[in-house]
Amino acid sequence: MVLRFLRSQDRERLDRVETKVQTMIGHCRKEFDLAMSALMGEVDADSVNDELRSTDHKVNLLEREVRRELAVHASVFGGIHTPAILLYMSIVKDIERVGDYAKNLLDLAIDGADFSRVPDVEQWRQLASEVSQFIEEAGDVFRRRDEASARGMLTRGGQLLDVFDDAVTELVRAEDPGAQAVARALAHRYLKRVAAHLMNLLSAVIMPLDSIDFFYEDPEDRVDR
């Protein structure tokens, strides 16, 4: 896995990159938890809007800082580290997108969605907890470069994608989908994208560079099926 090769050189700079990647993941989990707390009616959406968006701004700044660190690294070491540098560039974008989908989830709450009043409220609480934990564990597995754990989490991630897809299909096909059907369908789609971007991060532990952005695809859509 190319990241191991990259970390063997210029350790100080690469440790800074690793620290910033982990900080980004922590910020994104905070954004997600704030958004889901608002969506579940536990806090007022407007009251957490500024905090969530300022946290997202920090994520964006860190992404830029990582890119600058990698650009310097490339100028020092040249093309020999290009695959690993491209890989880091890819995963920080995936992490940043998790924050973007947290903003989308908060926007649903700002628009009036309140999942504390939907019939499947307990399932939503479980999903909120599980995806939040998935964010934290994905960061930890990536930090440790734990291939066995990454494979296990990718399997669980695939199961989550199926849960989200099935839920949307059920809402679309239902004659009476129940309260807040549009918000629930959108939230399932946003959660799917959160999980998919985390799966890209996890796939970087075990997959070659050309495969990491496609690992979460439906089996029939994968290039290497």
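The values are calculated or read from the model by the stated rules, or taken from the named source; none is laboratory data. It should be emphasised that the depicted structure is a prediction, and the values quoted were computed from it without experimental measurement. Methodologically, a virtual Cβ is constructed for each residue, glycine included, from the backbone with ideal geometry; neighbour enumeration extends over all protein chains shown.
Residue by residue, here is whether (1) under 30 Å from residue 183 (Cβ atoms); (2) part of a loop (DSSP other than H, G, I, E, B); (3) basic (Lys, Arg) holds:
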position: 43; (1), (2), (3): yes, yes, no
position: 54; (1), (2), (3): yes, no, no
position: 58; (1), (2), (3): yes, no, yes
position: 66; (1), (2), (3): no, no, no
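Please find, among 17, 2, the residue that is among the β-branched types (Val, Ile, Thr), closer than 19 Å to residue 93 by Cα and modelled with pLDDT of 85 or more. Steps first, answer last, please.
Details: 2 fails: modelled with pLDDT of 85 or more.
Exactly one of 17, 2 is among the β-branched types (Val, Ile, Thr), closer than 19 Å to residue 93 by Cα and modelled with pLDDT of 85 or more, namely 17.
When the residues of the range 164-183 are narrowed to those that are touching a residue at least 12 places away in the same chain (Cβ under 8 Å) and more than 19 Å from residue 33 (Cβ to Cβ), which ends up surrounded by the most Cβ atoms within 10 Å (Cβ to Cβ)? Full working, then the answer.
Narrowing the range 164-183 to residues touching a residue at least 12 places away in the same chain (Cβ under 8 Å): 164-165, 167-168, 171-172, 178-180, 183.
Now narrow it down to the ones that are more than 19 Å from residue 33 (Cβ to Cβ): 165, 167-168, 171-172, 178-180.
Numbers: 165: 14, 167: 20, 168: 17, 171: 16, 172: 10, 178: 11, 179: 13, 180: 18.
Top of the filtered list is 167.
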